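Below is one structure, written out as structure tokens; the observations come after it.
The values are calculated or read from the model by the stated rules, or taken from the named source; none is laboratory data. All figures in this text were calculated on a predicted structure; none of them were measured in a lab. Glycine gets a Cβ as well: all are built from the backbone with ideal geometry, and neighbour counts include every protein chain shown.
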Amino acid sequence: MARQTSRFVCQACGASFTKWSGRCEGCGSWNTIQEEAIEAAAPRGLGRRRGRSIAFAGLQGVSDTARRRPTGIAEFDRVCGGGIVPGSGILVGGDPGIGKSTLLLQVAAALAREAPCAYISGEEAVDQVRMRAERLGLESASIQLAVATAVRDIVSTLDRPDDLGLLIIDSIQTMFVDTLESAPGTVAQVRASAQALIGLAKRRGFTVVLVGHVTKEGLIAGPKVLEHMVDTVLYFEGDTSHQFRVLRAVKNRFGPTDEIGVFEMTDAGLKEVANPSALFLSDQRDDVTGASVFAGIEGSRPLLVEIQSLIAPSHLPTPRRAVVGWDAGRLAMILAVLEARCGLSLSGTEVYLNVAGGLRIGEPAADLAVAAALVSAARGVPVPPKTVVFGEIGLSGEIRAVSRTEARLKEAAKLGFTRAIAPQPSPPAELRKRGRAEGAMEIVGIAHVRDLVEPFGAERSRGEHGTGQAARRTREVASHG
Ligand code: TYD
Ligand code: MG
């Protein structure tokens, strides 16, 4: 049988197949599979040649993390776990146009005061990068700037004893290794280029940041195929129609992965938002139905976020459910719990859920806030004013305690909220007292979703809006605590 000379590789997840198909069996993406030439046959086994012996070391000793270097952009450093680690590789992924180049130019400029930084662009001309620097007011930063795409040239230039602190490669999908025949941007090229550049960074002790575009079309390899090769994976996300951007760590060998960095895109680049807690609250009005305020925790910081929902009658056999900023599976679960445990039937209606400000929440503690928004929309009764909601919902409808209750309450009190709908046994009595003393926070402890649904009143007939009486009752019951 003739040897196969090509294989079919999914550009989204890197899975490889012997035949082409429209949909990748690995990750389920459509139209992402491309033919790639199989490079020089892999040698079989090890052969006879003896290798050198390797040296073992103990667990104690000076590690690179101890030499962690803050860049000076606090939100970036926070997500990296306190600063960048020499000899490590960082992948910064994100949609095109979200602000990756802007962020990294700012990071390089900030670090350049301490250590030499190089910025290699494969996408833009030197002039374009200069223009951006001018716009950011960074034209005087001492960054070594180059336009290059050949990894061999980059490695030859930088493989020398040097005190380079940071190398930025914008983007990895434009780089190529000349020993491979595949086009730049394919899985094979992206992996080989990344490997060579990360190897160089480890050898020479600088940090390399690889920019990776997230692609939906699958014509170029996504950053996913690189995640296992780097030490830290950061995603820069947000909605291009909002000015807020969130930098999130999804993997970090040198720090926590639940931290976020919050930035605001302005005319003069990305501005750090050191205290983001009020950022994701829209202008609140007391009489709006279908909205609740979630007292969340992102990484080490509390964050208040508005959750909005809309429920509309549907004529479709399978009514639409659309979620922005939260997990669709989790929404389905909450709808099922509301139906099974409280008799609130939403199966014939369209359900839309949106997290305000373009944020994405992953915390199960948002369950109760989502349920409150849904019930409020279904009943046409607003959630009581100046109220935050948090708590995890179990399948039997019970409300589970969540972590860092005190921090959530404190932040809510700081922002002028006076009431929290929260899990029952926790916060403990002592905390309740303290909460009152600190910010006059009243806690409405609930043990089951039923306790949440009941105060919103009886089911309204379709199209009819909640009565003022029901709303009043909600307030009475809620304020009863
Ligand atoms: P960019 O960093 O080029 O995105 P990426 O590298 O992720 O593709 O930023 C793109 C957008 O940011 C662009 O649409 C313009 C906007 N922008 C600002 O709003 N203010 C600024 O100061 C800069 C430099 C860019
Ligand atoms: Mg860019």
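List of remarks:
- GLU181 being at pLDDT below 95, touching a Ser or Thr at 6+ places or on another chain (Cβ under 9 Å) and closer than 30 Å to GLY28 by Cα: no
- Residue check for LEU105: surrounded by 22 or more Cβ atoms within 10 Å (Cβ to Cβ) and outside any strand (DSSP E or B): yes
- Subset of the stretch 281-303 [in a strand (DSSP E or B) and surrounded by 24 or more Cβ atoms within 10 Å (Cβ to Cβ)]: SER292, VAL293, PHE294, ALA295, GLY296, LEU303
- Test: residue in the stretch 89-100 that is assigned by TED's automatic domain parsing to the domain that holds GLU264, more than 16 Å from ligand 2 (Cβ to nearest atom), among the small types (Gly, Ala, Ser) and modelled with pLDDT of 95 or more: yes
- Only residues that are more than 16 Å from ligand 1 (Cβ to nearest atom) and crowded, with 16+ Cβ neighbours inside 10 Å were counted in the stretch 263-280, giving 4.
- Qualifying residue in the stretch 194-204 (condition: crowded, with 23+ Cβ neighbours inside 10 Å and within 16 Å of ligand 2 (Cβ to nearest atom)): no
- Residue check, LEU105 near ligand 1 (Cβ under 9 Å from one of its atoms), touching a Leu at 6+ places or on another chain (Cβ under 7 Å) and of a type outside the set (D, E, K, R): yes
- Number of residues in the stretch 351-367 that are in contact (Cβ under 8 Å) with a residue 60 or more places away in the chain and part of a helix (DSSP H, G or I): the value is 5.
- Residues (within 16 Å of ligand 1 (Cβ to nearest atom) and either within 13 Å of PRO223 (Cα to Cα) or over 15 Å from the mean Cα position of the chain (by Cα) (or both)) located in the stretch 81-99: ILE90, LEU91, VAL92, GLY93, GLY94, ASP95, PRO96, GLY97
- Residues that are outside any loop (DSSP other than H, G, I, E, B), touching a residue at least 60 places away in the same chain (Cβ under 8 Å) and within 19 Å of ARG7 (Cβ to Cβ) within the stretch 177-222 comprise VAL187, ALA188, ARG191, listed in sequence order.
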